[in-house]
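Colleague: First the structure, then my questions, so here it is.
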Amino acid sequence: MRKAVREPALWAGLGISAAVGLLFYVATAKSIESDSRERFGNLTRTAQFAINARIKNYTDVLRGGVSTFNTNPDFTRERFRHYVAGLDLDRHFPGIATINYGQHVAPSEMAQFLAEVKAQARPGDGYPDYQVNPPGPRSSYTPLVYIEPVERWPAKVGYDLESKPAVAKALAESRDTGAISTSGQPLDVLTGPNRMGLGMRLPIYRPGMPLETVAQRRAAYVGTLGMGFSVEKLVQGVLDELPMQGTRVIVADAGSGTTLFDSAASPNNPSPQRSFNDGHHFINQLPLDFNGRQWNAHFSIAKNGQYSGFDEWFPWLAAGAGFLVAALLYALYHALASSRMRAIHLAREMTRELRESQHELQLSHEHLRRLAAHADQIKEEERKRIAREIHDDLGQNLLALRIDAELLANRTSHSAPRLHERVAGTLLQIDTIIRSVRQIINDLRPNVLDLGLNAAVDWLVADFKRRTGIQCELLETHREFKLEDHYATAFFRILQESLHNITRHAKASYVRVDLRLTEDGVLAMTVADNGQGMRPGTRDKPQSFGLVGIEERIRILGGNFAIHSSPGLGTTIAVSVRIASPRVSQTVKPMEEIAATI
């Protein structure tokens, strides 16, 4: 039987260990792939930045040449050759194949133009006999006058750039805008398998002439300075400087879709198939800015080309480690399973008993709270009953006794002076007893509560100021609201206890009482003083039931209680209760009526 139990546990342990090992393998492989993808992304962004920087350098060369023309209006073949030789293209700008200058010539100026160009010819300068080609009439001409290095491009000397409509259109736009012209047309002399050549040109204007409008730029237009460069050398030069072995780079024009460079192309396979997102390659496509014309650089590399030998074996090591650790943990778990289950059962029993005890304690607290509320209600009702009996019975008898004594005093004022004196003393004693009875009634339950909470609060605040001499400000909405008796009594007792505490402990000179009934039926009262405040721990003193009683009163009503106090900064007590259906009137009883009731 024990063997039958062990076999399923053993197979379960092997299955869990294998699953953990597989999880470790997948997680490690994903982590290595993510790191490799991030390295590849950083590398491609570096290549993107380097290619854009090279394009900018080529553009800066072109702008520098235009500036040279502007500062030397009488440019010659010899000066142009020295300028290009000073750039040392093969060393600093290996991608630039040629720099050339084409002059704008009107048909009427052609004869003079040819004579001026031929006058610059010198024996051995490498330039052939100058002729504009292809021949034929055109509205204007832009033949190449200077081209360097001329020994590589003698056939292009005199070539009219406007002989091709696309190039003529690009030159016209560049002349009218002053911007660099990039027609996007490949240069025949540089084009071949992976040898795409492109050109860009910049207009030259006569120095000192205004260039604000198109008409002004056309009037000042002299010619165009251009360059032809190899996209293959531009891009390959960047790739040779970066650790991108095995990376395939394809550069294509975003507008026409023409492939400008493919690092995998060869004379035997000029258009190899691209690497698609087959899951075995890292692929990243980034934009390149060719003077306002967008190129797309497509980078791809086989994933295993980014992995080192350790990267290939590390997932298996992680899988083995995960399998071994899971097996050991499962064996430990299996060994402690029975004792753990007993501990869990014991903990559950203890938790159940604890919860039952907590539930019983909560019920006991609830019963005690309800009992306290009931006792408090009985006490208030008994106070109310006793106060009314004293008022109705003893108060009326005292009033009748005083009336009789006063009649007797009036009748004996002249006939029996000594009796009149005794009766006057009796009247004073009766008045003293009446005041004592009134005070007892007010201590039990003030009759002013029958006029509403507003009137009771007004009376209590006035009585507090009269007895203590402390300035007390009452803020209320000046609306009388009728509440159920237990709400009004609770708030009255809370205010009474708060003012009593202020008198005994606060040493305050100012008290503010704020009584509000909000539109959504929340009755709120705040009592604040500027006294000495409460020290930490004061609320927890033994035999200190004032604040406890306030809190219990408000919680019985389902309200909120808060107290804020700091030594030297006074104390603020705030209570609030949502009233089910308060009745509100717009007037408050005058103090005369309140005083008469009291």
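The values are calculated or read from the model by the stated rules, or taken from the named source; none is laboratory data. Since the model is a prediction, treat every value here as computed from it, not as a measurement. Virtual Cβ from ideal backbone geometry, glycine too; neighbours counted across all protein chains shown. For accessibility, only protein heavy atoms count, side chains too; no ligands or nucleic acids. Shrake-Rupley method; radii C 1.70, N 1.55, O 1.52, S 1.80 Å.
Colleague: Using protein chains only and a probe of 1.4 angstrom, how many square angstrom of Met110 are accessible, to the nearest 10?
Modeller: The accessible area comes out at roughly 30 Å².
Colleague: If packing is taken as the average count of other Cβ atoms within 10 Å, what order do 351-360, 415-424, 249-258 fall into, highest mean first?
Modeller: On the way: 351-360: 10.0, 415-424: 13.1, 249-258: 16.2.
With the highest mean Cβ count within 10 Å placed first, the list reads 249-258, 415-424, 351-360.
Colleague: First select every other residue whose beta carbon is under 12 angstrom from the beta carbon of Tyr146; then total the charges, Lys and Arg +1, Asp and Glu -1. All intermediate terms of the calculation are to be shown ahead of the outcome.
Modeller: On the way: positive: Arg77, Arg79, Arg81, Lys156; negative: Glu78, Asp125, Glu148.
Counting the neighbours of Tyr146, the net charge comes to +1.
Colleague: Let me ask you something else. Where does each of 496-507, 322-333 land if you order them by average Cβ count within 10 Å, highest first? Numbers along the way, then the final one.
Modeller: Values: 496-507: 17.7, 322-333: 15.5.
Highest to lowest by the protection proxy: 496-507, 322-333.
Colleague: Using the heavy atoms of the protein chains alone and a 1.4 angstrom probe, what is the accessible area of the stretch 452-582 per residue in square angstrom?
Modeller: 50 Å²
Colleague: Oh, and also: Which value, in Å² and to the nearest 10, is the accessible area of Ser230 when all protein chains are kept and the probe is 1.4 Å?
Modeller: 10 Å²
Colleague: Something else now. How many angstrom lie between the C-alpha centres of the stretch 74-100 and the stretch 199-242?
Modeller: Between the Cα centre of the stretch 74-100 and that of the stretch 199-242, the gap is 14 Å.
Colleague: Next question. Using label points projected 7 Å from each Cα along Cα→Cβ, tell me how many nm separate Arg206 and Ala27, to one decimal.
Modeller: In this crude label model, Arg206 to Ala27 measures out at 7.8 nm.
Colleague: Still on this structure, please answer the following. In the stretch 109-167, carbon and sulfur make up what percent of the accessible area (probe 1.4 Å)? Could the numbers behind the result be given before it?
Modeller: Values: 1840 of 3110 Å².
The computed percentage sits at 59.
Colleague: Answer rounded, prolate or oblate for the stretch 452-582, using the Cα gyration tensor with square roots of eigenvalues a ≥ b ≥ c: rounded when a/c is under 1.5, else prolate when a/b is larger than b/c, else oblate.
Modeller: Details: a/c = 1.90, a/b = 1.33, b/c = 1.42.
Oblate is the answer for the stretch 452-582, as a/c is 1.5 or above yet b/c matches or exceeds a/b.
Colleague: Mind ranking 62-73, 42-53 by how tightly packed they are, going by the mean number of other C-beta atoms within 10 angstrom, highest first?
Modeller: Working: 62-73: 14.7, 42-53: 16.9.
For the peptides 62-73, 42-53, the packing ranking is 42-53, 62-73.
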